[in-house]
1. Take Thr85 and decide whether it is surrounded by 12 or more Cβ atoms within 10 Å (Cβ to Cβ) and over 27 Å from Ala167 (Cα atoms).
2. Got a sec? Which of Gln33, Gln28, Gln38, Gln78 is open to solvent by 70 Å² or more (accessible area, probe 1.4 Å) and under 21 Å from Asn149 (Cβ atoms)?
3. Every residue in the stretch 117-141 that is without any contact (Cβ under 8 Å) to a residue 40 or more places away in the chain and either of a type in the set (D, E, K, R) or under 30 Å from Val30 (Cβ atoms) (or both), please.
4. Restricting attention to the stretch 78-104, which residues are part of a loop (DSSP other than H, G, I, E, B) and among the hydroxyl-bearing types (Ser, Thr, Tyr)?
5. For the stretch 120-151, give me each residue that is in contact with a helix residue (DSSP H, G or I) (Cβ under 6 Å, 6 or more places away or on another chain) and either open to solvent by 70 Å² or more (accessible area, probe 1.4 Å) or outside any helix (DSSP H, G or I) (or both).
6. If you check every pair at least six apart or on different chains, which have Cβ atoms under 9 Å apart with a residue in the stretch 8-19 that is touching a residue at least 40 places away in the same chain (Cβ under 8 Å) and assigned to a helix (DSSP H, G or I) first and a residue that is open to solvent by 90 Å² or more (accessible area, probe 1.4 Å) and aromatic (Phe, Trp, Tyr) second?
7. If I filter the stretch 152-180 down to residues being of a type in the set (A, V, I, L, M, F, W, C) and farther than 23 Å from Asn84 by Cα, which single residue comes out as least open to solvent (accessible area, probe 1.4 Å)?
Amino acid sequence: MAAIGIFFIIIVVIAVMGSYNHLVGLSQGVNSQWAQVQTVYQRRADLIPNLVSTVSGAANFEKSTLIAVTEARASVGQVKIDPNTAPNDPAKLAEFQRAQGQLSSALSRLLVVSERYPELKANNNFRDLQAQLEGTENRIAVARMDFNNAVQAYNTAIKSVPAVFYANRFGFTFTEKPYFNAAPGAETAPKVDFNFGGQAPAATNK
């Protein structure tokens, strides 16, 4: 009986060790995807100063639009969040998402207004920045989806046996992590239309 008890304890210890290592791997995967999210958002932020500078060169360009983009970019920088460790606080992730959403809206407005200025059509720098922004928006959508997938795998693991019995007990800190919440229509990346010679958007009066 003693031998059976020792054997059983060994089996339990091995199972817990395997489960623990699995959770560590999943947690690191979430952090890795979070770092990728931060990278693509930073790439977009880095494009903005040059974009604003280029657009402001157009005669009588709407100053309020430029100010909105600049202020939205500054607001993103005020959200203090670790770029290498995924947040555990849903409110903190929601704050980050709101700031990024405001910047997305401001950028969309800037691009719509830019269509009213034919001189920008001939500006190679402006066209290049637009193409880079479009690519970055696509990368953001993919990075957020990959992050949510990693969080789903991690959250599922900590709620499964045997991890559910120890994940947040006995000194372990495997707590549930929040997801990015999708706004209506956010299942696809924002479309950035750069074809000034084509048909104008329905909302724009030519």
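The values are calculated or read from the model by the stated rules, or taken from the named source; none is laboratory data. Remember, it's a predicted structure, so these values are computed and weren't measured experimentally. Cβ coordinates were reconstructed from backbone atoms using ideal geometry, including for glycine residues, and neighbour counts include every protein chain displayed. Note: accessible area is taken over every heavy atom of the protein model, side chains too, but ligands, DNA and RNA are not part of it. Shrake-Rupley method; radii C 1.70, N 1.55, O 1.52, S 1.80 Å.
1. For Thr85, the condition - surrounded by 12 or more Cβ atoms within 10 Å (Cβ to Cβ) and over 27 Å from Ala167 (Cα atoms) - is not met.
2. Result of the check over Gln33, Gln28, Gln38, Gln78: Gln28.
3. Result: Asp128, Gly135.
4. Once the filter is applied, which keeps residues that are part of a loop (DSSP other than H, G, I, E, B) and among the hydroxyl-bearing types (Ser, Thr, Tyr), the stretch 78-104 yields only Thr85.
5. Arg139
6. From the stretch 8-19, the pairs are Val16/Phe165.
7. Looking at residues that are of a type in the set (A, V, I, L, M, F, W, C) and farther than 23 Å from Asn84 by Cα, I get Ala163.
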